[in-house]
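Below you'll find the structure, written out as structure tokens, and then a few comments.
The values are calculated or read from the model by the stated rules, or taken from the named source; none is laboratory data. What you see is a predicted model; the values in this text were computed from it and never measured. Backbone-built Cβ (ideal geometry, glycine too); neighbour counts: all protein chains shown.
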């Protein structure tokens, strides 16, 4: 199996995990998956999260210091924000267009609504997300800027949810290196460069177990799946979301072909390990080390670009999540007979866009942001729990799908910016054993 390309190994692991999960569910072996299989998937995710913060610190500081010009940083930063906002707007518009054409909310019977409400409306996870959304909404309009600035960098690095704070410190540190004498900055830059190389090598080592880890992760998802009958009742809604996500992939690949000048199939092949891991983990942050490794070494994006664009994207760029919110908001309103006007849909566009940035660091951001979107169009507060219950049964598989889009969007924006800055070079893949012969 080790002779196969990594993306094929991961894909085989995913398929086998799904099959094994189905067999375990049908034979009453869920306990075996939960006790003896799932922990390996959890370990893998923890390993990826373990190196995410060190990787951001090292690569971002090194990337900014290497620019040798603050104006270059501001130029790349400006392009990054503009492109992320533009891609999010496209995603929201695609979502709204599809949901208005398909109108999946019309197909939901009152019996299904009652069943879903009874099963999920009082779920502790839903209640927690509503409380988080309420506290987020009640903060000031600039609170997200306040939250970006850390008061203790060591505390920020101890929490993966504080990634924006780590990015802020790394940017500040990198600018500081630019502004001091080169002779004094060189020892720090050399240390950070070496540290970055070590972290990237650790990524290569962790990826050795990726096929087995995704097997464990997918098996766990299958045995934890809710009532299949309820899932089938939401199939039209789920398909609408998935079609929208596939259209967004088409937008990315069109940009890659027309602007970057690369083959879409080649591009997908290079970033597919990151996409498959995003699907398995449902976390852009956990996938970030792999995304950076694939975009830098296999696509050819210079570290100056990838070290800034990708960490920022993992925290504020939520194309897949924003598209899902647009579809889910209209679906819930239609199913629960809440009239939604064209002005309301324009409000959804604006609110989903702002929420994708302002709620970037909120745990379970997808549903939290959806609550904020629904409240912005006057959806009755007493029906919010019922609305979330309607989509809760399929939220996990859709979360996996929309995370793939989030990661693909990050990679695409990084590639586009690298092309525009003349920073897209020849890919130079590295393997975990490149230096093994010298040290064994």
Q.
Which numbered condition in (1) in a helix (DSSP H, G or I); (2) on the phi > 0 side of the Ramachandran plot is the only one that residue 28 fails?
A. (1)
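Only one residue in 352, 286 is touching a residue at least 12 places away in the same chain (Cβ under 8 Å), within 18 Å of residue 129 (Cα to Cα) and in contact with a helix residue (DSSP H, G or I) (Cβ under 7 Å, 6 or more places away or on another chain). Which one?
Numbers: 286 fails: within 18 Å of residue 129 (Cα to Cα).
Residue meeting the stated conditions: 352.
Considering only residues that are touching a strand residue (DSSP E or B) at 6+ places or on another chain (Cβ under 9 Å) and closer than 11 Å to residue 271 by Cβ, look in region 293-309 and name the one that is surrounded by the fewest Cβ atoms within 10 Å (Cβ to Cβ). First the steps, then the outcome.
The first filter runs over region 293-309 and keeps only residues touching a strand residue (DSSP E or B) at 6+ places or on another chain (Cβ under 9 Å), leaving 295, 299-302, 305, 309.
Subsequent filtering for residues that are closer than 11 Å to residue 271 by Cβ retains 295, 299, 301.
Numbers: 295: 27, 299: 23, 301: 28.
So, considering only residues that are touching a strand residue (DSSP E or B) at 6+ places or on another chain (Cβ under 9 Å) and closer than 11 Å to residue 271 by Cβ, the one surrounded by the fewest Cβ atoms within 10 Å (Cβ to Cβ) is 299.
Just one of 218, 247 is within 22 Å of the chain's Cα centre (by Cα) and buried (at least 21 other Cβ atoms within 10 Å of the Cβ); which is it? Walk me through how you get there before you give the answer.
Numbers: 247 fails: buried (at least 21 other Cβ atoms within 10 Å of the Cβ).
It is 218.
This table checks each residue for (1) free of Cβ contacts under 8 Å to residues at least 40 places away in the same chain; (2) within 24 Å of the chain's Cα centre (by Cα); (3) under 26 Å from residue 285 (Cβ atoms); (4) assigned to a loop (DSSP other than H, G, I, E, B).
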| position | (1), (2), (3), (4) |
| --- | --- |
| 384 | no, no, no, no |
| 388 | no, yes, yes, no |
| 413 | no, yes, yes, no |
| 431 | no, no, yes, yes |
| 438 | yes, no, no, no |
Q. Can you list the helices (runs of 4 or more DSSP H) found entirely within region 80-192 that contain at least 2 residues being more than 30 Å from residue 66 (Cβ to Cβ) and in contact with a helix residue (DSSP H, G or I) (Cβ under 9 Å, 6 or more places away or on another chain)?
A. 110-120, 124-137
Q: Could you tell me which residue of region 282-293 is farthest from the chain's Cα centre (by Cα), considering only residues that are assigned to a helix (DSSP H, G or I) and modelled with pLDDT under 90?
A: 286
Q: Quickly run through region 294-311 and pick out the residues that are over 23 Å from residue 159 (Cβ atoms) and in a helix (DSSP H, G or I).
A: 294, 295, 296, 297, 298, 299, 303, 304, 305, 306
(Q) Taking the criterion of being modelled with pLDDT of 90 or more and either in contact with a strand residue (DSSP E or B) (Cβ under 6 Å, 6 or more places away or on another chain) or more than 20 Å from residue 222 (Cα to Cα) (or both), would at least one residue in region 34-46 satisfy it? (A) yes
